[in-house]
Amino acid sequence: MQREKTRVLAAFGHPDDEGQVTGTLAAYIAAGHQVTLVCGTRGEVGEISDPSLATPETLGWVRELELRASMAQVGLTDVRFLPHRDSGMDGTPENEDPDCLHQQPAELVVGELVEIIRDTRPNIVFTWDPNGGYGHPDHIAMHKHTVAAFDAAGDAQTYPSAGLVWSPQRLYWGARAMKTFASIWMEMEERGLLPEPMDKERRDQLEKALAEPDPVASLIVDTAEFQEARGAASSMHKSQFGENSMFSSIPDDLRQRFFGEERFFQARPKWPAGAEAETSPPWIEPGAGKPFFELRQYRCWPGQQENWVKYMHETVIPFQVSRGMVVTASWTSPEEDDLYVWIRRFDSEMERVRLYEAVYESDEWRNEIGPRVSDMLDRDRTKVTRLVATGASPSR
Ligand SMILES: [Zn+2]
């Protein structure tokens, strides 16, 4: 069976913002999936690291080329730009420019992003966190507009001329651990590696970052495997990070610590508070394209087993099967009068996610079928085990 491709869209504000997700995008591309990057501006008003590379007039074009060259290092060729100018930092004159991203009406930018979502049909969308990392107006704008576009793209009533509706399945935003970043600066200072001595303002900032808890991450991707490609990608942003910049002088061991993992928060569907973070980006875990079984063992409340069996066979299983679920067997045990076991089969991890959504996110499940389950089952004792057929297994 041909494995279905996962499609990923990453939406950020400036060339180099994508650094927080480059390793993860590289992992998707290496696994044969399809990735699009959309950049809200061309970073026209950033500082120029070396005057021989660009002038304020050419900087937008230079940064566009740098971003394309950078993404080519990880095999990402679909790079798109929104037609807006870099807004610069709060309080600067560029921030008042009527052409800048931050000054555009939400409806316009959301419409542009809805059109890109409907065109590329992503399963997964990555963007800036609500604070845009450190509050840059363009980062915050891309966060707000991308979240709104994620929600609007599947609604045929909104932006009817922006293409056929499409609902992406998951939305993530960055959950970078600033503590790690701060500790690297501190350690570089200790080792005498900073290009310039640290001033008091910077030191206070770093100490504050070190004292704060890390933001909640629901997905922590080990990107060590893509370290080299991601380093090559980042080195293409020459007009931003010159040879003498702090970034260029980070030694390898510290670089590994900072860039060895990428952290995200799952915003759609809502991540259950306190749940343990996932470590594989959705749909590219090893074996993601292979079929497997899911063994579910339930414990009924005393005296409820008979009711549960009836409920399963008259309501739960028929409903799930009507949504495409494949149920291969179910059992009770003459030895344990509270036990109920059943098995479902999935063609792939992607198919499992699709079916879970079709079943557990449906109104019927949420409002009618689901709420009755805890009357019969002790859900704390539910055990779910994924099983992969061995070579000799007659059923697979
Ligand atoms: Zn930026």
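Since every read-out is calculated from the coordinates, none of them should be taken as a lab result. From a predicted model like this one, the values you see are computed outputs, not experimental measurements. Neighbour counts run over all protein chains shown; Cβ positions are idealised from the backbone, glycine included.
Data overview
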item: Residues whose placed amide H lies under 5 Å from that of LEU171, excluding near-sequence neighbours; result: VAL125, ALA267, ARG268
item: Inter-part distance where region 327-353 and region 44-111 are each reduced to a Cα centre, Å; result: 52 Å
item: Max mean-square fluctuation residue, GNM over the chain, Cα-Cα springs under 10 Å, options THR36, THR120, THR328; result: THR328
item: Region 121-137 - phi-based ³J(HN,Hα) in whole Hz, Karplus 6.51/-1.76/1.60, Gly and Pro as x; result: 6, x, 7, 10, 10, 10, 8, 5, 6, x, 8, x, x, 9, x, 4, x
item: Residue-wise HN-Hα coupling along region 376-381, computed from phi with Karplus coefficients 6.51, -1.76, 1.60 (Hz; x: Gly, Pro); result: 10, 10, 8, 5, 5, 9
item: Mean separation of Cα contacts under 8 Å (6+ apart) over length of the chain, as relative contact order %; result: 16 percent
item: Ordering of 226-235, 264-273 by burial proxy (mean other Cβ atoms within 10 Å per residue, highest first); result: 226-235, 264-273
item: Angle between the chain longest axis and helix 200-211 axis [Cα atoms, degrees, rounded to 10]; result: 10 degrees
item: Helix 59-72 axis, angle to the chain major axis (alpha carbon atoms, nearest 10°); result: 40 degrees
item: Long pairs among LYS5/LYS144; LYS270/LYS290; LYS5/LYS270; LYS5/LYS179; LYS270/LYS310; LYS200/LYS270, criterion Cα-Cα beyond 30 Å; result: LYS5/LYS179; LYS270/LYS310; LYS200/LYS270
item: Amide H contacts of LEU219 (H built 1.01 Å from N, under 5 Å, at least 5 apart or other chain); result: PHE264, GLN266, GLU278
item: The chain - mean residue ellipticity at 222 nm from DSSP helices (-39,500 (n - 2.57) per run, n ≥ 4, rounded to 500); result: -9500 deg cm²/dmol
item: Burial ranking of peptide ranges 383-391, 371-379 (average Cβ count within 10 Å, highest at the top); result: 371-379, 383-391
item: 0 to 90° range, to nearest 10: angle between helix 178-190 axis and the chain longest Cα axis; result: 40 degrees
item: Pairs of Cα atoms farther than 18 Å apart, region 49-119, %; result: 56 percent
item: Per-residue ³J(HN,Hα) for region 321-328, Karplus 6.51 cos²θ - 1.76 cosθ + 1.60, θ = phi - 60°, Hz, x for Gly and Pro; result: 4, 5, 9, x, 5, 10, 9, 9
item: Highest average packing first - 213-221, 7-15, 189-197, 140-148, Cβ atoms within 10 Å; result: 7-15, 140-148, 213-221, 189-197
item: Rounded to 5, percent antiparallel among DSSP beta bridges of the chain; result: 55 percent
item: Amide hydrogen neighbours beyond the local backbone of ALA54, cut-off 5 Å, H modeled; result: none
